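Okay, structure first, notes after.
Computed from the coordinates by the stated procedures, all read-outs in this text should not be read as laboratory data. Predicted, not measured: the structure shown is a model, and the values here were computed from it. Reconstructed Cβ throughout: ideal geometry from the backbone, glycine too, with neighbour counts over all protein chains shown.
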Amino acid sequence: MTVHPGGDETGGSWSAGDRDQEQLSFAALLEDSVEDLYENAPCGYLSTLMDGRIAKVNGTLLKWLGYRREELVGHKQFSDLLTIGGRLYHETHFSPLLRMQGEVSGIALELKAADGSRLPVLVTSTVKQDDDGEPLLIRTTLLDAGDRRTYERELLRARQEAERDRERLQRLATTLQRTLIPPALEPVPGLEVAAHYHFASPDEVGGDFYDLFPLTAGRWGFFMGDVRGKGADAAVVTSLARYTLRAAAVSDPVPATVLANLNTALNHRSQEDEPPFCTVIFGLLTPEANGMGFHVVLAGGGHPPAALLRADGSADYLPTPGGQLLGVVPDAQFTTVTLDLGPGDTLLLYTDGLTEARTRNAGERYGDEALLDFARALAPTSAPGAVEALTGLLDSFGEGLDDDTALLAMSVSPGEH
């Protein structure tokens, strides 16, 4: 299609008559009555004397309120059109501020119509002065805020509903999280035990878990683990891991075998591109024959190494190198380490939320070396003392601690015989 300059889509051109008609129409718009613009504006206009008496009002405002012009002009004040609360605000704030500043803009008030209904408005008033600067009258513009008020109410309602949903989610997450960690650790004769769980978010279930439980022949099993991810999927894997570890330990308490059984269970469950893997450290406690402490066997599956704080004030990690993540490959390998936990010694297990916490130095993580230095400065200590000190350390990270963190400490009293 060819369109000629000044033409229409049919290819024709405008005639002189068409252009003249357009100019006449445009001119008619420009010559629109000023009085009509005032009377039928899309907002209310009001002029009052300095004592508040209404001197002029436009048709739009009269229509909104249901009054006749003669009922308002010369008979009522602007404040008479306000609700009781609006009238009080007008007298104590609006009017004094207007007299001081000469203008007040965007104040939310409510008008009371002739039939008693209410109309929310946004009010802007300016004081007109004479040539000598003396105030003559007050000009007021009122914008209908009904739609805005409805929107604000709906927004508030939506926010309140969202907050209620969030609270319900938090309660559900908290309840579910509590089912995944033991409410209390059973006492072990001759052993002090302490634990702590830091929740990084009240809205999501974390994947950290731990436990300490009795086995046959006076032995005890314990473990700590960390499941990949958060939320419901992590909670399912956490539950599976906890109960599988307990059941496997009863059947065959050899730590490496216990981890192998969990690895098999996780691999059988995996039907996804990203398997539900986790890190775990599992230990077996056996009281020493002389009654002075415990023999401990630890097996690690990709978990941060336990720390041993000795009675002589030293502290070192107990690495299990080569221990693989659980749930990734069917034939994962696990490494075992043994130790004797004597009087005054403390064994500490933790999840990586501690060592991966962000410090006050931008981009820096707390790290393994800093934790070992902390442990060496703390030793010798008891299990409750270690957990208390580490809880204070966790609190010091503030927002830098952005992952769940579990702590489990076990110690033999220095006076244990």
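A few remarks follow.
- Site pair ARG118 and VAL329 shows an inter-label distance of 7.2 nm when each label is modelled 7 Å from Cα along Cα→Cβ.
- Placing dummy labels 7 Å off each Cα toward the beta-carbon, the span from PHE199 to SER413 is 3.4 nm.
- Cross-link reach list, lysines versus LYS128, counting only Cα pairs under 18 Å and skipping chain neighbours closer than eight places: LYS56
- Difference of contour (0.36 nm per residue) and Cα-Cα distance, ASP36 to VAL236: 64.9 nm
- Förster-model FRET efficiency, 45 Å R0, ARG99 and ASP316, C-beta, rounded to 0.05: 0.05
- Residues ARG164 and THR338, FRET efficiency given R0 of 45 Å [Cβ-Cβ distance, rounded to 0.05]: 0.25
- Phi angles across segment 213-219 convert, under the Karplus curve 6.51 cos²θ - 1.76 cosθ + 1.60 with θ = phi - 60°, into 3J(HN,Hα) values of 8, x, 10, 6, 6, x, 8 Hz, Gly and Pro given as x.
- When segment 90-149 is described by a simple charge dipole with +1 on each Lys and Arg Cβ and -1 on each Asp and Glu Cβ, the residue from LEU97, THR126, GLY116 located farthest towards its positive end is GLY116.
- Placing a label point 7 Å from the Cα of ASN361 along the Cα-to-Cβ direction, no residue of segment 392-416 has a backbone N closer than 15 Å.
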